[in-house]
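Everything below concerns the one structure shown next.
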Amino acid sequence: MIKQLIKKEAARQRRVINLVPSENYASKDVLTALGSPLTNKYAEGKSRQRYYFGNEVVDQIEDRVKELVYKVFKISPKRWDVNVQPYSGSIANLAAYLGAVGPGGRILAMSLEHGGHLTHGHPVSWSGKLFNFRHYGVGRDGFIDYDEVGEIARKFKPKLIVCGASAYPRKFDFKKFRKIADSVGALLMADIAHIAGLVVGDAHPSPFPYADIVTTTTQKTLRGPRGAIIVAKKELMDGIDKAVFPGLQGGPQIHTIAAIGVCLEEALRPSFKKYAKQTVANAKALATELKKLGFKLISGGTDNHLMLIDVTPLGLTGKVAGERLERAGIIVNKNMIPYDTRKPWDPSGIRLGTPAVTTQGMKERDMIRVARKIKIILTQ
Ligand code: DSN
């Protein structure tokens, strides 16, 4: 029975050391909202402009969640509009592209192989098929080379530049991206899916002083449900709203929207700031110890919640290393590394992060122990 399998999965989640940087443990209150009767309701449209009746409470919920978005990101409703309806980050990104540049539009983003994301124009994703993407990457040192990004932008003349990644262990310099965007008359979009919780908790600079559009998922460092948020300058939001609904979606998942609200209320508490800072401190401790133990880290370390390890010097591949760690109760994901000569199914790297273990209360000393355990598992 599914009920029993859910119990089994919950037990697995408690048993393992979860180092997947895009996963986390949502609170009981977030899970309660997700499992609430809100799942029964249809509410196509926007607050107070719905195609279904009986939405007086749902309107209040959606309005409140939007207010919370302004609060957590410290932004003004005079300048920004918010959409909390996208089912996922993939849809949020697609809607942003459709609304901001339209099909066939030129977009510059980080390549997946260098840390970007499938929805940043990879050819196997519809983003890569529907829009004209060009990509930048990192240098051999693992850092974004902003001069190179500027050079590509000048030649390609994109209408939109995307910054943000799913496997970049360093800080984003949003100001530099803004300068590049301005130099070619492009819009700037920051996909902060990975670092949203760090931004909210003041553990990573905010993109809002510089970006025109910000997209994020809510289940990663933000520790909410699987959902997404789009924030855009007011003049851009009409097209983006229409791309979300009716362009890409039907009825919004009100239970998820409510759960996003719960996670944002939690993120406003002082304890969340502590959590975000501890997540970064833990990542630094893990990275430092792994380096001491001889591991090869892309870019030599981390500024955020994640790190990438090249496991090929150990005579391993990402797949083999991940499987070995799983057998020993440590969960990671296999990952391409920049300039990888191997393929995504069995790449050269593994990606590790600290959002989930920090939620469980782990501290720097625990990270040192975890690093040593990883060394034993991968070298014995
Ligand atoms: N799959 C997510 C991650 O693990 O980073 C991004 O969508």
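The values are calculated or read from the model by the stated rules, or taken from the named source; none is laboratory data. Note that this is a predicted model, so its numbers are computed, not measured. Quick reminder, even Gly has a Cβ in these numbers, built from the backbone with ideal geometry, and neighbours come from all protein chains shown.
In the stretch 18-43, the residues that are under 19 Å from residue 85 (Cβ atoms) and in a loop (DSSP other than H, G, I, E, B) form Cβ pairs under 9 Å with partners that are among the charged types (D, E, K, R) and away from the ligand (no atom under 16 Å from the Cβ), at six or more places apart or across chains, as follows: 42/50; 43/50; 43/59; 43/62.
Scanning the stretch 99-118 for residues that are under 20 Å from the mean Cα position of the chain (by Cα) and of a type in the set (A, V, I, L, M) gives 107, 108, 109, 110, 112, 118. In the stretch 141-159, the residues that are over 19 Å from residue 212 (Cβ atoms) and touching a residue at least 12 places away in the same chain (Cβ under 8 Å) form Cβ pairs under 8 Å with partners that are surrounded by 14 or more Cβ atoms within 10 Å (Cβ to Cβ) and of a type in the set (Asp, Glu), at six or more places apart or across chains, as follows: 144/173.
Across the stretch 108-135, the qualifying residues are those that are crowded, with 19+ Cβ neighbours inside 10 Å, of a type in the set (A, V, I, L, M, F, W, C) and closer than 30 Å to residue 297 by Cα, and the one among them that is nearest to the ligand (Cβ to nearest atom) is 112.
Taking the residues in the stretch 326-380 that are polar (S, T, N, Q) and not in a strand (DSSP E or B) as candidates, determine which candidate is surrounded by the most Cβ atoms within 10 Å (Cβ to Cβ).
Step one: of the stretch 326-380, the residues polar (S, T, N, Q) are 333, 335, 341, 348, 354, 358-360, 379-380.
Filter once more, keeping what is not in a strand (DSSP E or B): 341, 348, 354, 358-360, 379-380.
Values: 341: 8, 348: 26, 354: 30, 358: 28, 359: 19, 360: 13, 379: 12, 380: 7.
Top of the filtered list is 354.
Take the conditions (1) free of Cβ contacts under 8 Å to residues at least 24 places away in the same chain; (2) in a loop (DSSP other than H, G, I, E, B); residue 251 misses just one of them, which is (1).
Here is a yes/no grid of residues against (1) crowded, with 24+ Cβ neighbours inside 10 Å; (2) closer than 19 Å to residue 233 by Cα; (3) within 16 Å of the ligand (Cβ to nearest atom):
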| position | (1), (2), (3) |
| --- | --- |
| 167 | yes, no, yes |
| 177 | yes, yes, no |
| 183 | no, no, no |
| 188 | no, yes, no |
| 195 | yes, no, yes |
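Screening residue 316 against (1) hydrophobic (A, V, I, L, M, F, W, C); (2) within 16 Å of the ligand (Cβ to nearest atom); (3) surrounded by fewer than 22 Cβ atoms within 10 Å (Cβ to Cβ) leaves a single unmet condition, (2).
Selection within the stretch 42-94: residues that are in contact with a Lys or Arg (Cβ under 7 Å, 6 or more places away or on another chain) and either of a type in the set (D, E, K, R) or at pLDDT below 95 (or both). The member of this set that is nearest to the ligand (Cβ to nearest atom) is 81. Of all residues in the stretch 119-161, those satisfying the criterion of being under 21 Å from the mean Cα position of the chain (by Cα) and aromatic (Phe, Trp, Tyr) are 126, 133, 136, 143.
Residues in the stretch 197-221 that are part of a loop (DSSP other than H, G, I, E, B) and within 13 Å of the ligand (Cβ to nearest atom) were compared, and the one that is surrounded by the fewest Cβ atoms within 10 Å (Cβ to Cβ) is 219.
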